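Beneath this line is the structure, given in structure tokens, with notes to follow.
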Amino acid sequence: MRQFLNERLPLSEFSAHLRKPLPKHINLLFSLGSLAMFLLLLQAATGAFLALYYSPSPEHAHNAVTYISEEVPFGAFVRGLHHWGASAMVIIVFLHLLRVVLYGSYKAPRELTWIFGVLLLLVVLGFGFTGYLLPWDEKAYWATVVGVEIASTAPVLGDFVAKVMRGGAEIGAVTLSRFYALHTIWLPWLAFGLVGVHLFFVRYYGSSGTPENTPEEMKTGKPFYPDQVFEDVVGMLILFAVLASVALFVPVPLEDVADPTNADYDPRPEWYFLFLFQLLKYFQGPFEIIGTFVIPTVGMVLLLLLPFLDKSEREVLWKRPLALTVTSVSVAGVVLLTILGASSPKLETQEASQSTEQTQDAATPDIETETVEEGEEVFDFQLTEEEIDGTGEAEEVFDFQLTEEELQ
Ligand code: HEM
């Protein structure tokens, strides 16, 4: 068999390529890229299982997620792996980026590897943002309201982008299918394409090693296969063991089904967007755009251009005072804003205030029909207290559902 394949494929050349020695000074931090790769594959695998039961419609999404968590064998575990895996991915990708900054590995000739890395970071955050809406619970809905509002403040294209995200004037069925399509089709294709290019550059330029390597030491370290691959696989197994334990013992939260009229809800994004969410609070009124658009965009552009801005000699970070200061201040800023964002008070959203006004102005009962699983019609009523007892004093709104049978 081996001979058969050898005669037809350049297997020995491929094997020689894999066995090429890496730079002499390489440490565990050089496994972070492989761990990010592993998590991307784990997210794809667990997501594929979740998709077998999930249904992207406001009527069914929340029920489907409840069903996965409570009824499907190993459903809660797989959902846990996917949920906590997303957070782990953000942490690992961020640490991988820091390791690249630490050793100045973004410097020439690896600028393109860096740029494709930054694009991957955006895709990872995109996965987080689109996935957050899918359970269609209160936090999913209201965090998306805030996210779309943020996008709408961008100059010129803001309103258009927000409209495309929502698929109309309001967040609803089209938004959910759009986010689902982005989360399960567009972003995975983009991610695997970008990873392919990223890894091509990594192999083409070879590992940068640490700056302490002399030119001779660049080709005298352990081979990529089997030594480095073995270390990476051990790292993956440890990471999986940690994730599996968290997935087994920490239930994934699921709040009540999304209620667009619940203006009292305190919207919070996922923890890795909290720093942006906190930033908004410092810029109100006409200055809002500084927090929603200017600072994030300038930050991203500077990050993309880092290899072209920092032309200093390649050294470890603590021997590059300017880079050390900028990195420490940026990381400390993001961490501090995240902590403040986690404990800060409620942020008013336009949609929240609009929906309160709508409910309070309702002169006639709002009747909507929807089909429940057994094919039975259900009527959704909203009546103000005034309509119920005619006192006209209070403005409380009552929400109730009646089946066709109960109506007759
Ligand atoms: C899904 C996200 C990512 C995956 C799967 C990934 C994967 C990898 C892998 C497997 C390596 C080789 C091993 C290593 O040096 O750790 C690598 C190297 C590299 N990555 Fe990433 N990466 C990702 C995101 C990023 C990000 C966000 C950046 C920076 C903005 C980045 C910049 C780089 C650079 C510059 C190298 C070359 C390092 C060197 O030669 O020493 N990557 N990446």
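A few points about this structure:
- Residues of region 249-274 that turn out to be farther than 21 Å from His62 by Cα and touching a residue at least 60 places away in the same chain (Cβ under 8 Å), as a count: 4
- Of all the listed residues (Phe230, Phe200), the sole one being exposed (fewer than 13 other Cβ atoms within 10 Å of the Cβ) and more than 10 Å from the ligand (Cβ to nearest atom) is Phe230.
- Single residue of Leu187, Leu279 found to be farther than 22 Å from Glu111 by Cα, within 13 Å of the ligand (Cβ to nearest atom), under 23 Å from the mean Cα position of the chain (by Cα) and assigned to a helix (DSSP H, G or I): Leu187
- In region 49-61, the residues that are assigned by TED's automatic domain parsing to the domain that holds Asp259 reach residues that are assigned to a helix (DSSP H, G or I) and of a type in the set (Lys, Arg) with C-beta atoms within less than 7 angstrom, at least six apart or across chains, in these pairs: Leu50/Arg79.
- Glu59 at pLDDT 95 or above, charged (D, E, K, R), surrounded by fewer than 19 Cβ atoms within 10 Å (Cβ to Cβ) and farther than 30 Å from Arg166 by Cα: no
- Among the residues of region 41-100, the one identified as more than 18 Å from Val252 (Cβ to Cβ), of a type in the set (Val, Ile, Thr) and over 15 Å from the mean Cα position of the chain (by Cα) is Val100.
One line per residue, one yes/no per condition, for (1) surrounded by fewer than 13 Cβ atoms within 10 Å (Cβ to Cβ); (2) of a type in the set (Val, Ile, Thr); (3) in contact with a helix residue (DSSP H, G or I) (Cβ under 7 Å, 6 or more places away or on another chain):
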position: Gly299; (1), (2), (3): no, no, no
position: Leu303; (1), (2), (3): no, no, yes
position: Asp310; (1), (2), (3): no, no, yes
position: Val316; (1), (2), (3): no, yes, yes
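- Region 29-148 holds helices (runs of 4 or more DSSP H) entirely within its bounds, and those carrying 3 or more residues that are more than 30 Å from Pro307 (Cα to Cα) and within 16 Å of the ligand (Cβ to nearest atom) map to 32-51.
- Selection of region 233-260 for residues being in a helix (DSSP H, G or I) and surrounded by 13 or more Cβ atoms within 10 Å (Cβ to Cβ) yields Val233, Gly235, Met236, Leu239, Phe240, Leu243, Ala244, Val246, Ala247.
- Within region 71-82, residues that are outside the structural domain of Thr46 (by TED's automatic domain parsing) reach no partner that is modelled with pLDDT under 95 and not in a loop (DSSP other than H, G, I, E, B) with beta carbons closer than 6 Å at six or more positions or on different chains.
- Identity of the residue in region 282-293, in contact (Cβ under 8 Å) with a residue 60 or more places away in the chain and within 23 Å of the chain's Cα centre (by Cα), that ends up surrounded by the most Cβ atoms within 10 Å (Cβ to Cβ): Thr292
- Region 282-324, residues that are in a helix (DSSP H, G or I), more than 18 Å from Thr113 (Cα to Cα) and either among the hydroxyl-bearing types (Ser, Thr, Tyr) or within 16 Å of the ligand (Cβ to nearest atom) (or both): Thr292, Pro296, Thr297, Gly299, Leu317, Ala323
The values are calculated or read from the model by the stated rules, or taken from the named source; none is laboratory data. The structure presented is a predicted model; accordingly, all values stated were derived computationally and were not measured. So basically every Cβ, Gly included, is an ideal-geometry build from the backbone, and we count neighbours across all protein chains shown.
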